[in-house]
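These notes concern the structure reproduced below.
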Amino acid sequence: MNKMFQLLLGILFFVCATAEGADWVFYGESDSGTYYYDKEGMRQLPGNIRQVWIENVLTSVGVKNLTKKSPAVKDADKIRINMLLTEVDCSAKQFRILKGTSYDSSGHKITSFDYIKVGEAKWEEIVAGSSTEMLSKALCK
């Protein structure tokens, strides 16, 4: 049932995003969720940096991890999809999240954030075996 729920959520956002010109490409999955990036909207920036929107469709494990990680976020336990504007530095093997929005299973916004505005868009190392490593492998070919 959980796989079916993920599939339906992915299709919902794929259909909505396609209408706006996005081309969502699967790049991996883990026990926390399924991951897609918007190939059509990806930008090549100076310094071998790729900027792209990613979609993370959370599993129940992903929801539990997010709830523990973000206790201050109201209704974090209802988040099912995260849309994150992310940059990957292919040369330095680093990434940073610039901003994002989280949605429930009906597509209603639960929370959003902008790390650029608050000066928190910091570069982090890409960890082996992580979803950002999967993204890096997909983008930095």
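Considering region 43-70, and only residues there that are closer than 23 Å to LYS117 by Cβ and surrounded by fewer than 17 Cβ atoms within 10 Å (Cβ to Cβ), the residue that is nearest to the chain's Cα centre (by Cα) turns out to be GLN51. Taken over region 71-95, the criterion of being surrounded by fewer than 19 Cβ atoms within 10 Å (Cβ to Cβ) and of a type in the set (Lys, Arg) is satisfied by LYS74, LYS78, LYS93.
If we only count strands (runs of 3 or more DSSP E) wholly inside region 29-97, which ones have 1 or more residues that are closer than 25 Å to CYS140 by Cβ and of a type in the set (Phe, Trp, Tyr)?
Values: elements: 33-38, 43-45, 49-58, 81-89.
Output list reads 33-38, 49-58.
The residue of region 75-128 that is modelled with the lowest pLDDT, among those that are among the aromatic types (Phe, Trp, Tyr) and within 19 Å of VAL63 (Cα to Cα), is PHE113.
Please work out if TRP53 is modelled with pLDDT of 95 or more and either basic (Lys, Arg) or out of contact with any helix residue (DSSP H, G or I) (no Cβ under 6 Å at 6 or more places or on another chain) (or both). Talk me through it step by step, then tell me what you get.
Numbers: modelled with pLDDT of 95 or more: yes; either basic (Lys, Arg) or out of contact with any helix residue (DSSP H, G or I) (no Cβ under 6 Å at 6 or more places or on another chain) (or both): yes.
It is true that TRP53 is modelled with pLDDT of 95 or more and either basic (Lys, Arg) or out of contact with any helix residue (DSSP H, G or I) (no Cβ under 6 Å at 6 or more places or on another chain) (or both).
Test ASP104 against the criterion of being under 16 Å from the mean Cα position of the chain (by Cα), within 18 Å of GLY41 (Cβ to Cβ) and surrounded by fewer than 16 Cβ atoms within 10 Å (Cβ to Cβ), and give yes or no. Let's see the steps before the verdict.
Values: under 16 Å from the mean Cα position of the chain (by Cα): yes; within 18 Å of GLY41 (Cβ to Cβ): no; surrounded by fewer than 16 Cβ atoms within 10 Å (Cβ to Cβ): yes.
In short, no.
The values are calculated or read from the model by the stated rules, or taken from the named source; none is laboratory data. Note that the coordinates shown come from a computational prediction; the quantities given were computed from them, not determined experimentally. Here Cβ is always computed from backbone atoms with ideal geometry, including for glycine, and neighbour counts include all displayed protein chains.
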